[in-house]
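Structure first, then comments.
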Amino acid sequence: MRNGVSGRNGYDASIDATDNTMMTVAARFEIEYLQYLGPDGTLVAEPPAAFKDPAALLPLFKQMLFVRTFDSKAIALQRTGKLGTYAACLGHEATHVGIGASMKREDVFAPSYREYGAQIVRGVRPREILLYWGGDERGNDFADAPKHDYAWCVPISTQCLHAAGAALAFKLRKEPRVGVACCGDGGSSKTDTYAAINAAGAYALPFVQCIINNGWAISVPRAAQTGAPTLAQKGIAGGLHCLQVDGNDIIAVMEGMRRALDRARSGGGGSVIEFMTYRLHDHTTADDARRYRNEDEVKAAWAREPISRLRTYLTGAGLWDEAQESAWADECGKMIDIEINAYLETPVQPVSAMFDFLYAELPLDIQAQRAEAIAAEGLKHG
């Protein structure tokens, strides 16, 4: 045990009672945990000013329901052979929607491959998401979302460096913009994530690293993936502000992002936010999570999921009821069906497309391959 003595210059001088040697503590750190709305739908803390009126949460709730409807329809498309492998976002709705809704259009978003809620809020069309998972890279050519946002990134955490690079450009140009990257709990252990965090700290960049901790890095549980008590603290070594948030509480997500974005925009540097949520579906439609996690764990996670708690809160405030939800579900279904039809009716690209977007100028041997492929396609359809 130690008897603490206040020291100078921010250091603590302590006496170790076991051998009476003087010890000096160079620094101490704490990770704040942010939560306002508990799993049962009741407030556990006074909400921030932006959400003192529960009505402010209605648009976010409706967006979360839209994303869940889209997710279920996308899975159905894959199961019927009309979509490739798809990464479901079931259970992540509050985290994803909150991240996207907090950002300004001029900010840059660097997602991984599951943050549809954030992307849809930023203007990505569901048909574009379906095109991407259908194997058509034209899904990355956003029609309404910011053109400066990055495409989906399946290679784990490489997008974090992209966001840090964008943040460096913003700082050099003196633009009040922020680079925001998302990775998972597994991705937080990649060197790319650490490098982005280190660069953000070294150069005081307007950067926010969102670590979406859903408990599983495919089949690797959080406990086996790192010995760190929190994932938020991974930003400490880089000198970033660190925060852990209940990722199933949309109020906490919005407030955590507000703090980080305001700090970044005002020149206060970067942040790492760990969003605590849970992956309620398989990793992708090519996975069967029953092989590595038990039903009791998933059942417990369903009791903490984001939509039910917010529904309870809004219903208790007299702002939502079953009739409204039924009407909104019907509307969501119709809107998403339009997007699905647009995806299914998109003409297949010609075989030449696989060559035309790789090089500024095709090498001679690739030109020959292109000509052969076009000829073969002509014979196939001739």
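How many residues does the range 345-380 hold that are within 32 Å of the chain's Cα centre (by Cα), under 25 Å from residue 83 (Cα atoms) and in a loop (DSSP other than H, G, I, E, B)?
7
Filter the range 130-149 for residues that are without any contact (Cβ under 8 Å) to a residue 40 or more places away in the chain and part of a loop (DSSP other than H, G, I, E, B) and give the result.
So the first thing to find is which residues in the range 130-149 are without any contact (Cβ under 8 Å) to a residue 40 or more places away in the chain, and the list is 132, 139-145, 147.
Result: 141, 142, 143, 144, 145, 147.
Given the options 258, 263, name the one that is without any contact (Cβ under 8 Å) to a residue 60 or more places away in the chain, under 30 Å from residue 173 (Cβ atoms) and among the charged types (D, E, K, R). Write out each step before concluding.
Numbers: 258 fails: without any contact (Cβ under 8 Å) to a residue 60 or more places away in the chain.
Among 258, 263, only 263 is without any contact (Cβ under 8 Å) to a residue 60 or more places away in the chain, under 30 Å from residue 173 (Cβ atoms) and among the charged types (D, E, K, R).
If you go through the range 223-251, how many residues are closer than 30 Å to residue 313 by Cα and either under 15 Å from the mean Cα position of the chain (by Cα) or not aliphatic (A, V, I, L, M) (or both)? Walk me through how you get there before you give the answer.
First pass over the range 223-251, keeping only residues closer than 30 Å to residue 313 by Cα: 230-232, 242-251.
Filter again for either under 15 Å from the mean Cα position of the chain (by Cα) or not aliphatic (A, V, I, L, M) (or both), leaving 230-232, 242, 244-250.
Summing the residues that are closer than 30 Å to residue 313 by Cα and either under 15 Å from the mean Cα position of the chain (by Cα) or not aliphatic (A, V, I, L, M) (or both) in the range 223-251 gives 11.
Of all residues in the range 281-339, which are farther than 27 Å from residue 55 by Cβ, assigned to a loop (DSSP other than H, G, I, E, B) and aliphatic (A, V, I, L, M)?
Answer for the range 281-339, where residues must be farther than 27 Å from residue 55 by Cβ, assigned to a loop (DSSP other than H, G, I, E, B) and aliphatic (A, V, I, L, M): just 286.
Scan the range 87-97 and give yes if some residue there is surrounded by fewer than 22 Cβ atoms within 10 Å (Cβ to Cβ) and assigned to a helix (DSSP H, G or I), otherwise no.
Among the residues of the range 87-97, not one is surrounded by fewer than 22 Cβ atoms within 10 Å (Cβ to Cβ) and assigned to a helix (DSSP H, G or I), which makes the answer no.
Which ones in the range 271-328 are among the aromatic types (Phe, Trp, Tyr) and either touching a strand residue (DSSP E or B) at 6+ places or on another chain (Cβ under 8 Å) or closer than 30 Å to residue 224 by Cβ (or both)?
Within the range 271-328, the first condition is being among the aromatic types (Phe, Trp, Tyr), and the residues that meet it are 275, 278, 292, 302, 313, 320, 328.
The answer is 275, 278, 292, 302, 313.
For the range 187-212, what are the residues that are surrounded by fewer than 24 Cβ atoms within 10 Å (Cβ to Cβ) and not in a helix (DSSP H, G or I)?
If the condition is that a residue be surrounded by fewer than 24 Cβ atoms within 10 Å (Cβ to Cβ) and not in a helix (DSSP H, G or I), then 190, 203, 204 are the ones that fit.
Can you report the number of residues in the range 297-330 which are of a type outside the set (A, V, I, L, M, F, W, C), closer than 15 Å to residue 69 by Cβ and loosely packed, with under 14 Cβ neighbours inside 10 Å?
Matching residues across the range 297-330 total 2.
Quick grid of which residues meet (1) assigned by TED's automatic domain parsing to the domain that holds residue 306; (2) surrounded by fewer than 24 Cβ atoms within 10 Å (Cβ to Cβ); (3) small (Gly, Ala, Ser); (4) touching a Lys or Arg at 6+ places or on another chain (Cβ under 6 Å):
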position: 247; (1), (2), (3), (4): yes, no, yes, no
position: 252; (1), (2), (3), (4): yes, no, yes, no
position: 262; (1), (2), (3), (4): yes, yes, no, no
position: 268; (1), (2), (3), (4): yes, yes, yes, no
position: 293; (1), (2), (3), (4): yes, yes, no, no
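Scan the range 257-280 for residues that are under 16 Å from the mean Cα position of the chain (by Cα) and part of a helix (DSSP H, G or I) and report the count.
Step one: filter the range 257-280 for residues under 16 Å from the mean Cα position of the chain (by Cα), giving 257-258, 260-261, 271-280.
Filter again for part of a helix (DSSP H, G or I), leaving 257-258, 260-261.
The total comes to 4.
Let's see how each residue does on (1) touching a residue at least 24 places away in the same chain (Cβ under 8 Å); (2) surrounded by 20 or more Cβ atoms within 10 Å (Cβ to Cβ); (3) among the aromatic types (Phe, Trp, Tyr):
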residue: 114; (1), (2), (3): yes, yes, no
residue: 119; (1), (2), (3): yes, yes, no
residue: 122; (1), (2), (3): yes, yes, no
residue: 128; (1), (2), (3): no, yes, no
residue: 151; (1), (2), (3): no, no, no
residue: 159; (1), (2), (3): yes, yes, no
residue: 166; (1), (2), (3): yes, yes, no
residue: 178; (1), (2), (3): yes, yes, no
residue: 185; (1), (2), (3): yes, yes, no
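Look through the range 229-244, keep the residues that are closer than 17 Å to residue 209 by Cα and either out of contact with any strand residue (DSSP E or B) (no Cβ under 7 Å at 6 or more places or on another chain) or modelled with pLDDT under 95 (or both), and return whichever of them is surrounded by the most Cβ atoms within 10 Å (Cβ to Cβ).
Initially, the range 229-244 is screened for residues closer than 17 Å to residue 209 by Cα, giving 230-244.
Subset that is either out of contact with any strand residue (DSSP E or B) (no Cβ under 7 Å at 6 or more places or on another chain) or modelled with pLDDT under 95 (or both): 237-239.
Working: 237: 11, 238: 22, 239: 14.
It comes out as 238.
Against the definition (outside any loop (DSSP other than H, G, I, E, B) and under 13 Å from the mean Cα position of the chain (by Cα)), how does residue 67 come out, yes or no?
Details: outside any loop (DSSP other than H, G, I, E, B): yes; under 13 Å from the mean Cα position of the chain (by Cα): no.
It is false that residue 67 is outside any loop (DSSP other than H, G, I, E, B) and under 13 Å from the mean Cα position of the chain (by Cα).
The values are calculated or read from the model by the stated rules, or taken from the named source; none is laboratory data. If you're wondering where the values come from, they're calculated on a predicted model, not measured in any experiment. We place every Cβ from the backbone using ideal geometry, glycine too, and count neighbours over all the protein chains shown.
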